[in-house]
Structure formats: structure tokens, C-alpha cells
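The values are calculated or read from the model by the stated rules, or taken from the named source; none is laboratory data. Note that the coordinates shown come from a computational prediction; the quantities given were computed from them, not determined experimentally. Every residue, glycine among them, receives a Cβ derived from its backbone with ideal geometry; neighbour counts consider all protein chains shown.
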Amino acid sequence: MSYHQDLEKTTRDMHDACLEVEYMKKLPILNLILEKKNKKFKGGKRYYWEIDTDTTEDTAQNYGAQDTLTHQNSDTLDDVYFRRKQFQVPVTIDLDEELQNAMETEDRTQLHKLAKHKVKKCNEAGRLHLRKQLYASPNAGTGIFGTDTNKNMQGLNSALQLDATNITTYGEKTRSDTCDSTYKFWQPANDIYTKVNQETETNISIEWLQSVYDPIGDLETTSSDKLIIVGNALYMALRSEAQARSMPVDYDPAGNFKYGIEEMVIDGMRIVKEPFFQTRYNTIMGETTGSAHDLSRRLYILNMNDWYFYIHPKRNFFMTTFFDQSQIANGVDFTLARLKVAGNIICRHPNRQAYFANIIP
């Protein structure tokens, strides 16, 4: 078997075997989307559906025996559109790497397990890039924030962050930083929170958390649907307060997290720790430590029934086999493979979500 064939086969097998763990279940948000079976495979250039914008309660009428009955029709449906986004991670084996690691001995030993190393680095790069897109903020200026029109996937902040200097549409509907736009139904936590609320420095406490957690629920929401996502510092502060007050703290009530991700339940609130929310990752995210949107200060309240990961079946973290680029005219002597992803991360109901950017222990 040639070196190229052996590398391709080994890389393909290793990559396939680690897809679900590496990309999905190591990320709390995607883990929960899988739990809700909200990973969708769908083609097309844009993802489209109709949403219900209001109730029809205004058509109800109290009347007497001799009153004329009213009649009217209320159209509460509207259309939202999201574009498919793509990213890729290239993997190369150059001439020196190939010759230095070729299996040329009689017992077919190899100096380095190059395929394993390359696959690991590719998976890490893909997971980190996806994580950056999930939590990118418009104020960071890193160029990774997702909008309706650019190339980046639209993560949590695309749906939930209100920012007067970076007003963007979401699902091709215009919104404002004060929840006073035409599309109030499409704002996060309708009429409750503004940019000022999001960025005001606030001390974490169980009482405060309950006050912002309760209004976001509705008749269709159960306690297992709603959750709070925080970093380690806020997670430990909540747990310490609960222990000091002798409040019951339950761990992993449904057994959903088995991949190094922690969660607890305090006073009926499901709280998940996101390992990525640490100050040491602020630089790669373009955030400033000790200010609003610092990763360690973020707190999300989400209804997981509303979050979907749309992905194309032909770009489902698909990794191509290595191709010898020297076969191309004027090509360079190296082999190349690519990890490919096409889809988007979408919230179908921002009203039932909230984001706070400046919470401290």
C-alpha cells in the first residue's frame, strides 16, 4: 500500500470515529441541540419558515344578548429567512513531512503518527472556529460576528445581543437596541431588556437570577427546556451561595452530559458550565477582560426548543481525502485535504431568550 493510500485510509477512519464527540458533544449548546433532536439536514440557499408574531386575543368580544357580534381576521404570521454559511479547514502534508514519515522499513513502522496528529489538529481547529462563531459579539471587531449578509454563522449573540452601534437584522427583520422596533416579537425577551440592561454590571445571586429567569418562560416551556449558561467563575459563585444557604444542589438530573460538561440545578434552574467562558480566551474572541462581553462575565438564559443547527448533508464536517497537488499544472509538491461545513445556527423565537454581558461573582 502506498503512503498516500495509507494516509488517506487512516485519516478517514480516525476522522469519522471522532466526529460526534469532537464537534457536537464537547460543545454544550450543540450537545443540547442534539438532545432536543434539533439538528436538521436541509438543502437550499436559504432556510425559511413562518413564525407567529402575536396572539389573536384582540378579536375576543364581551357582548350582551342584543349586541351585534363583531368579526375580523388577524394575520399573525410572518416570514423569516437565514442564509446558509460555509467554512473549511485545510490540512496539508508537504514533501518533507511525507518523506520523513514514509513507511519504508521492513516492519512498516512509522517515525511519527502523522495522520493522527493532522486529524487531531484539524478537529481542534474546526471545533474552536465553530465555538468562536457561536459566541462572537458585534462589539469585538474580530470579523467573526455573523449577520444575515456576511459569511459567518449566526450564533447566540447574533440572535440576542442588542447594540446601538452594530444594529443588524436577524432573519432579515430589523431590530433596535431598545426593543421599540416594528418587529418587537423578534427581539430577545420582548420589551424586558435593552442594551443598557445587557451591559450593566451586576453581581450574581440566586435571587437576582430567579428574577430574570422566571419572566422568560411561557405555557409551552418546561424546566428541562430552559437553561442558564455561564463560565466557571459564575458557576462556582452560584454553587457556593447555594451551599452556604443549605439549598439543595442537584447534579446532572437527566444524565445528558457525559463529555466533561458540568451542570447543576438550583431552585429549579438548570445551570450549565461552558468551559470556553474564561478570560484567557478573550484575546482570540476580540474581547476585553474586565468589561462587558468578557467571556467570564456572560450569562445566557435559553429555551432550547427554539435553537436549531441546520447543516447540509454533503458538508456535515465532511473531510475530503488527500489529493496530490503536484498532479496539477504548476502545482506544488504537497497533498491537501479539507474539512467542510455548511449550515447555520438559528433561533426561531428570540423572545424566549436573554443575554447579560456584565455579570460578576
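Values for this structure:
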| quantity | calculated |
| --- | --- |
| Subset of the range 147-160 [of a type outside the set (A, V, I, L, M) and in a loop (DSSP other than H, G, I, E, B)] | 147, 148, 149, 150, 151, 152, 154, 155 |
| Options 130, 156, 160, 114: the member that is hydrophobic (A, V, I, L, M, F, W, C), in contact with a strand residue (DSSP E or B) (Cβ under 9 Å, 6 or more places away or on another chain), farther than 25 Å from residue 315 by Cβ and at pLDDT 75 or above | 160 |
| Filter result (in contact with a strand residue (DSSP E or B) (Cβ under 9 Å, 6 or more places away or on another chain) and modelled with pLDDT of 85 or more) within the range 64-79 | none |
| The lone exception for residue 58 - which of (1) modelled with pLDDT of 70 or more; (2) in contact with a strand residue (DSSP E or B) (Cβ under 9 Å, 6 or more places away or on another chain) it fails | (2) |
| Residues (among the small types (Gly, Ala, Ser), in a loop (DSSP other than H, G, I, E, B) and modelled with pLDDT of 65 or more) located in the range 219-256 | 223, 224, 231, 246 |
| Hits in the range 274-300 - residues which are within 23 Å of residue 211 (Cβ to Cβ), hydrophobic (A, V, I, L, M, F, W, C) and touching a Phe, Trp or Tyr at 6+ places or on another chain (Cβ under 6 Å) | 299 |
| Neighbours by Cβ (under 7 Å, 6+ apart or cross-chain): first from the range 121-141, within 20 Å of residue 160 (Cα to Cα); second acidic (Asp, Glu) and crowded, with 21+ Cβ neighbours inside 10 Å | 137/287; 140/287 |
| Residue check for residue 290: surrounded by fewer than 20 Cβ atoms within 10 Å (Cβ to Cβ) and touching a Gly at 6+ places or on another chain (Cβ under 6 Å) | no |
| Counted residues, the range 128-160 - those being more than 27 Å from residue 196 (Cβ to Cβ) and surrounded by 20 or more Cβ atoms within 10 Å (Cβ to Cβ) | 3 |
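Condition check ((1) in contact with a helix residue (DSSP H, G or I) (Cβ under 7 Å, 6 or more places away or on another chain); (2) free of Cβ contacts under 8 Å to residues at least 60 places away in the same chain; (3) within 25 Å of residue 121 (Cα to Cα)) across all residues:
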{"site": "239", "(1), (2), (3)": "no, yes, no"}
{"site": "250", "(1), (2), (3)": "no, yes, no"}
{"site": "285", "(1), (2), (3)": "yes, no, yes"}
{"site": "293", "(1), (2), (3)": "no, no, no"}
{"site": "309", "(1), (2), (3)": "yes, no, yes"}
{"site": "313", "(1), (2), (3)": "no, no, yes"}
{"site": "327", "(1), (2), (3)": "no, yes, no"}
